[in-house]
């Protein structure tokens, strides 16, 4: 990138990378704090990403002490007691206030069958279209179809903007800014999970290149149930499902909330079928179709009634999107460990509110709007405190996938296929062992060494090359952390260490690119809670 001509040069106080809920809330918060804001999106802000693809449950709890206590306690044990009550309280408060803002802005919440307004659910297409309009009215400049490829830093290593490319014109852009918020989402490894094929870990790679670290990357092996022929990974309604073998026999222990491992073990050797036939009355069916209409599109098109007919299911990897690992947050401002860089949404760790087990879409949605709000506000305050930074010398720090010179040619699709071969299999990623993790990591590390000095040949390869490098890097942080955690906690399941170990009640911090490092970070959660 450094040697390429720049077609569009812009300056801003705050640059937001990513146009989903976290990015748009960050942009709105920064703009209303008095900052000049530019938002760049890999796709079209308002339509791309996991949130825009379907209904979004929200961890929305009124400020009633008893309800709040229940909400916070409900997932602590499942998450291995790695969550932080202070952060949970802050997110519940901020989410409640942000929903009140949506109400005041006349966002059109849907109603249930009793005519009651449902504040715990946002229809993704409407929600994201609304947020795009809101940030445009606030003066935010949006660059659509313009993925960021690398971050810029000044002479002291402070993050100072980003550079990228427009996918439609292949023209190069550069934005110099006082601060940057990474809101690029997580990494689903191009598994075809609904809305996730733009989520390839790009922001994680860019953060690592400036020296940022990560937390909870071992908790990045989330798999979602979907019809075998479909990308729809909305799993809420499988709470009402029965799961059977091909001959119709019920699979004991299989379920959506606590029985996905049983489904996965079965899928290793034979098909699994589902039917939504557990206590679903006509009123519930109406509610289901109203709250998640796109869940039923694939069945309607196939001529299948999922309430009366069995259909084959599979598990699609959602990786860090529904996992809890991501860029480490150092304080309440949502700052990363690198000056000038902030993180929000699924690009950031969600251990703070979920620990080591996914909170599902609702916690992610609450975290997105909360961390987006805080990161935008903080990034604006930081940038404005610097004064005019438009003339400071900057340089790009991106490496793998950006060079036109090298020892060999980089073939992105081969890298992607090889990475997927290590992270997709249930018996390698979901059911982990030291042997399996080390074997995968050896191959992944070798692949990284092969591509780190490889070259691309045309601009048409550059986005895919960076996606491939980001997925490969993400897999290496995941498995390096997974090897270090020698216990079973949250969604991290070690077949060779099947029990939770009280002495490992700490978060794992990781980082690095050529050499991955992992170290423990103590939490403030009392170890006595394990016995509760």
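The values are calculated or read from the model by the stated rules, or taken from the named source; none is laboratory data. Remember, it's a predicted structure, so these values are computed and weren't measured experimentally. All Cβ positions, even for glycine, are placed from backbone atoms using ideal geometry, and neighbour counts span all protein chains on display.
The table below gives the values:
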item: Qualifying residue in the range 9-25 (condition: more than 16 Å from the chain's Cα centre (by Cα) and part of a loop (DSSP other than H, G, I, E, B)); result: no
item: Scan of the range 303-322 for residues that are within 30 Å of the chain's Cα centre (by Cα) and under 20 Å from residue 243 (Cα atoms), ordered by number; result: 306, 311, 312, 313, 314, 315, 316, 317
item: Lone unmet requirement of (1) within 19 Å of residue 390 (Cβ to Cβ); (2) surrounded by fewer than 20 Cβ atoms within 10 Å (Cβ to Cβ); (3) in contact with a strand residue (DSSP E or B) (Cβ under 8 Å, 6 or more places away or on another chain) for residue 159; result: (2)
item: Strands (runs of 3 or more DSSP E) within the range 146-254 that include 1 or more residues more than 29 Å from residue 289 (Cα to Cα); result: 148-154, 159-165, 172-182
item: Residue count for the range 141-152, restricted to those that are farther than 24 Å from residue 393 by Cβ and buried (at least 24 other Cβ atoms within 10 Å of the Cβ); result: 1
item: Qualifying residue in the range 104-116 (condition: part of a strand (DSSP E or B) and in contact (Cβ under 8 Å) with a residue 12 or more places away in the chain); result: no
item: Selection from the range 461-480 of residues that are closer than 17 Å to residue 322 by Cβ and touching a strand residue (DSSP E or B) at 6+ places or on another chain (Cβ under 6 Å); result: 471, 474, 477
item: The listed residue being more than 26 Å from residue 511 (Cα to Cα), without any contact (Cβ under 8 Å) to a residue 24 or more places away in the chain, buried (at least 21 other Cβ atoms within 10 Å of the Cβ) and not assigned by TED's automatic domain parsing to the domain that holds residue 512, out of 241, 254; result: 254
item: Test: residue in the range 338-356 that is surrounded by fewer than 24 Cβ atoms within 10 Å (Cβ to Cβ) and closer than 25 Å to residue 162 by Cα; result: yes
item: Filter result for residue 211 (touching a helix residue (DSSP H, G or I) at 6+ places or on another chain (Cβ under 7 Å) and either under 17 Å from residue 48 (Cβ atoms) or surrounded by fewer than 23 Cβ atoms within 10 Å (Cβ to Cβ) (or both)); result: no
item: Some residue of the range 39-52 being assigned to a strand (DSSP E or B), over 18 Å from residue 366 (Cα atoms), at pLDDT 95 or above and outside the structural domain of residue 465 (by TED's automatic domain parsing); result: yes
item: Residues being modelled with pLDDT of 95 or more and surrounded by fewer than 16 Cβ atoms within 10 Å (Cβ to Cβ) - total across the range 394-419; result: 4
item: Test: residue in the range 519-532 that is buried (at least 17 other Cβ atoms within 10 Å of the Cβ) and at pLDDT 95 or above; result: no
item: All positions within the range 487-518 that are assigned to a loop (DSSP other than H, G, I, E, B), under 30 Å from residue 453 (Cβ atoms) and under 22 Å from the mean Cα position of the chain (by Cα); result: 512, 513, 516
item: Residue that is surrounded by the most Cβ atoms within 10 Å (Cβ to Cβ), among those in the range 420-434 that are farther than 15 Å from residue 471 by Cβ and touching a residue at least 24 places away in the same chain (Cβ under 8 Å); result: 432
item: Qualifying positions in the range 470-486 - part of a loop (DSSP other than H, G, I, E, B) and under 23 Å from the mean Cα position of the chain (by Cα); result: 485
item: Test set (1) closer than 18 Å to residue 372 by Cβ; (2) at pLDDT below 95; (3) in a loop (DSSP other than H, G, I, E, B) - residue 56 fails condition number; result: (3)
item: The range 62-77, subset in a loop (DSSP other than H, G, I, E, B) and farther than 14 Å from residue 364 by Cα, residue modelled with the lowest pLDDT; result: 74
item: Some residue of the range 458-467 being modelled with pLDDT under 95, surrounded by fewer than 15 Cβ atoms within 10 Å (Cβ to Cβ) and part of a helix (DSSP H, G or I); result: yes
item: Residue match in the range 409-419 (condition: without any contact (Cβ under 8 Å) to a residue 24 or more places away in the chain, in a helix (DSSP H, G or I) and under 24 Å from residue 348 (Cβ atoms)); result: no
